[in-house]
Structures are given as C-alpha cells and as structure tokens.
Amino acid sequence: MAWERTFVMLKPDTVQRGLAGEVLARFERKGLRVAALKLISVSQEQASRHYAVHEGKPFYEGLVQYIRSSPVVAMVLEGPDVITQVRALVGATRPNEAAPGTIRGDFGLDISNNLVHASDSNENAAFEIGVYFSEAEIVSYERDSDKWLAS
Ligand code: CDP
Ligand code: MG
C-alpha cells in the first residue's frame, strides 16, 4: 500500500505536561515516518484556518484560545493508511470515552485538553499540512526499516 501523509499536532497540554517525547515515541514505535517536525506558537491566522470547520460551534472560541495558549509541536507523519492508523493510536475525542492504550485514553481526562490533533481525511491532511508547513519544510526520504514495516 502507498505511503500517505497526515498532519498531527501535540497540543499545548502535551507540551506543558512534558509528554511530547512520550507521545511522539508512540508514533515512532508504530513505524510511522516523520517527514516534518517543529515547535511553534500557533498564530491567529493559522488557528482560524485550521479550525474554520468548527466556526460557530459552542467550543470554537475556547478551542482557538487553547491552541494559542502555549507552544505546540506540529508534524507530518507518513505511513500506509496513515490517517486511520494515527486516529486509532490517538483514540476517541473525549478522553473519558477513549480506550485504554490510546493516547487520549492513557493520558487525558477532559475533552478540551485532549493532547493531540490528527487529520481525519486525506483532503483535510493536505489542507492542514499547508496551514503549518511550507513545501521546503517537508522532507522526503526512505528508511532501511520501511521495507520491514510494509511491503
Ligand atoms: O480532535 P477530533 O478530530 O477527535 O475532534 P473534533 O470533533 O474534530 O474537535 C476538534 C477539537 O475541538 C477536539 O479535539 C477538542 O479539542 C475540541 N472540542 C471541544 O473542546 N469540545 C467539544 N465539545 C468538541 C471538540
Ligand atoms: Mg477533528
């Protein structure tokens, strides 16, 4: 199966709680390949583009405020069926519904501090990658291990 890309963000609570390495390690251990990675403060423009889909919802203002409240780690991950694979590792949106073993199930208590954003479709992944990364920041490469992970 072809390797695809997704956009993942370790939200402010993950960075503030010192869990960024632990969460990234889960993606690495799964076998996913990091194509881009950076610590940033999300701008108002990036937040409103990223979350335009939620504009008008009751949690929208709080969500934009939260995502801009402290630095985040933004990344592009690659793998076969990567959107589904990453969302399975992340778990349900509400941490109290997320299965143990998932990131939100293991580390989260509350929906407004649910640790990770992960794209939910190829189309949204392409859009969200473009909100946070330039083409030049995304690195194409192969690892020797790739052939042992998927054929
Ligand atoms: O992140 P995910 O795709 O699982 O959920 P979403 O429905 O796309 O919502 C985006 C984000 O908005 C969530 O991850 C939460 O951080 C936030 N949210 C919230 O604070 N309260 C809600 N009732 C729903 C979502
Ligand atoms: Mg979503």
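Points worth noting:
- Check: the stretch 51-100 dipole with +1 on Lys, Arg Cβ and -1 on Asp, Glu Cβ, in debye: 140 debye
- Inter-label distance, GLU123 to GLU22: 3.7 nm, where each label sits 7 Å from its Cα along the C-beta direction.
- The chain: calculated mean residue ellipticity at 222 nm from DSSP helix runs of at least 4, using -39500 (n - 2.57): -10500 deg cm²/dmol
- Sites SER145 and ASP110 - FRET efficiency at Förster radius 41 Å, r taken between beta-carbons, to 0.05: 0.70
- The local environment of GLY105, defined by Cβ-Cβ distances under 11 Å, has a net charge of 0 under the rule Lys, Arg +1 and Asp, Glu -1.
- Backbone amide hydrogens, once placed in the peptide plane, bring GLU4 within less than 5 Å of GLY79, ASP81, VAL82, excluding anything fewer than 5 places away on its chain.
- Extended-chain gain in nm, criterion 0.36 nm per residue less alpha-carbon gap, SER69 and ARG29: 11.5 nm
- √(5λ) per eigenvalue of the Cα gyration tensor, the chain, largest first, Å: 24, 18, 14
- Separation of the LYS57 and ILE40 label points, Cα + 7 Å toward Cβ, nm: 2.1 nm
- Rounded to the nearest 20 debye, dipole of the chain from Cβ charges on Lys, Arg, Asp, Glu: 300 debye
- Net charge dipole size for the stretch 75-118 [Lys, Arg +1 and Asp, Glu -1 on Cβ; Debye, nearest 20]: 80 debye
- Estimated FRET transfer efficiency (MET1, ALA99; beta-carbon r; R0 22 Å; 0.05): 0.35
Since every read-out is calculated from the coordinates, none of them should be taken as a lab result. Everything numeric in this text was worked out from a predicted model, so none of it was measured. Please note: Cβ atoms are built from the backbone with ideal geometry, for glycine as well, and neighbour counts cover all protein chains shown.
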